[in-house]
Amino acid sequence: MPLHMIRGDITTVHCDAIVNAANNALLGGGGVDGAIHRAAGPKLLEECRTLGGCQTGEAKITKGYRLPCRYVIHTVGPIWQGGNAGEPELLAACYRNSLRLAAEHGCETVAFPLISAGVYGYPRREAQHLAIRTIAEFLADHEMTVLLVLFGSQERNSGHPEMDRWIASQLQQNAFHSAPAPAAAAPAEKSAREKQRKSLFGRRSEAAHAARPVCFAEEESAPFSDSEAMPSTLRSILQSPDESFSQMLLRKIDERGMTDAQCYKKANIDRKLFSKIRSDLHYQPKKVTVLAFAIALELSLDETNDMLQKAGYALSHSTPFDLIVEYYIRKGNYNVYEINEALFEYDQLLIGA
Ligand code: AR6
């Protein structure tokens, strides 16, 4: 999947290149810079000494040494001074220049920390939005997988107060509508229920004894003795099954006048997965994949449920994942990156993942 967010330590990520939030001297420091130098070993500092430093917003590349990546891309984020000293432009330049260097070196997978969001004081939420926006712009015309690696427990659930309220109200309604846990039954009541249960079972098993095959088509409600009737009906149903998930997806792409690439990129799905789906009419996708396409195609809630059903899924009101996705569809916000940011904050699976 092109853009993914994970929590963890970037020095342990296996990929082609990791990005270091360095300083102008490129001679190591604290934070993620210190962690990368410690994990890479002294040879990294030796190579960094030959680079002649780095301007804010620029990027330089070295080998990865003992790290589980081929390259380290060193970039220097802006120091936060209140937001009016060109910080957003400089921070965006860090991501763009790092990605450009990675592409020039043939990297297919690149991991970033949240540049400037530590010692340099850039507000974390703004730094994260800007990172996601800039990486998404780059991915619109590059095939690459980018990981945004967030360190430690970041603040959660505080950035979407309206969504939080809506989800809470839906979960509450759900709890209200579901049956309360049954209290322990009194013995008399228990035996009455037992009788009822037995009689229900009795009736069912009687029905089972008198079982008749179910006929699918009214006009073919032939007598039971016609043993050919059901098999032939079943056969005809199987010969012309309902539209599959893949067929619906390809039809919708055509109807929307989109190209395949526009659709899978907007869905945050990688090209290889899309090709598999395109070439297999009976492809069984994951729920996050179906939803990614529903979002890319800007389907209504009904159409989304229809597409989910084709793959054997549904949206429920019992899980934060489903509620978050439904909230964004209801709002008409089809930005997969924004939806994933919200899902990430709730520790949910990400769409397209
Ligand atoms: N893995 C992923 N993210 C990390 C890790 C890690 N191991 N360690 C810290 N972070 P910072 P800056 C996160 O301070 O703000 C250095 O001294 C951290 O939580 O490392 O760009 C340099 O030499 C935060 O979200 O970088 C510079 O002098 C993000 O990485 C200066 O700090 C960036 O925090 C650069 O400051």
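General observations
- All other residues whose Cβ lies under 15 angstrom from that of L90 are scored, Lys and Arg at +1 and Asp and Glu at -1, for a net of -2.
- Think of region 245-345 as having a plus end and a minus end, set by charges on the Cβ of Lys, Arg, Asp and Glu; of I277, M307, L297, I277 sits farthest toward the positive end of this dipole.
- In the structure shown, the pairs K63/K286; K60/K266; K276/K331; K265/K331 are assessed against 25 Å; a Cα-Cα span above that value is assigned to K63/K286; K60/K266; K276/K331.
- Peptide packing for 244-253, 307-316, 65-74 was compared via the average number of neighbouring C-beta atoms within 10 Å per residue; ordered from the highest value, the list is 65-74, 244-253, 307-316.
- Computed with every protein chain present, the accessible area of T109 is close to 50 Å² [probe 1.4 Å].
- Cα convex hull volume per residue for region 245-345 (Å³): 89
- Taking Lys and Arg as +1 and Asp and Glu as -1, the other residues whose beta-carbon sits under 12 Å from that of R271 total 0.
The values are calculated or read from the model by the stated rules, or taken from the named source; none is laboratory data. All values derive from a computational prediction rather than experimental measurement. Cβ sites come from the backbone with ideal geometry, for glycine too, and all protein chains shown count toward neighbours. Remember, those area values only see protein heavy atoms, side chains included, never the ligands or the DNA or RNA. Shrake-Rupley method; radii C 1.70, N 1.55, O 1.52, S 1.80 Å.
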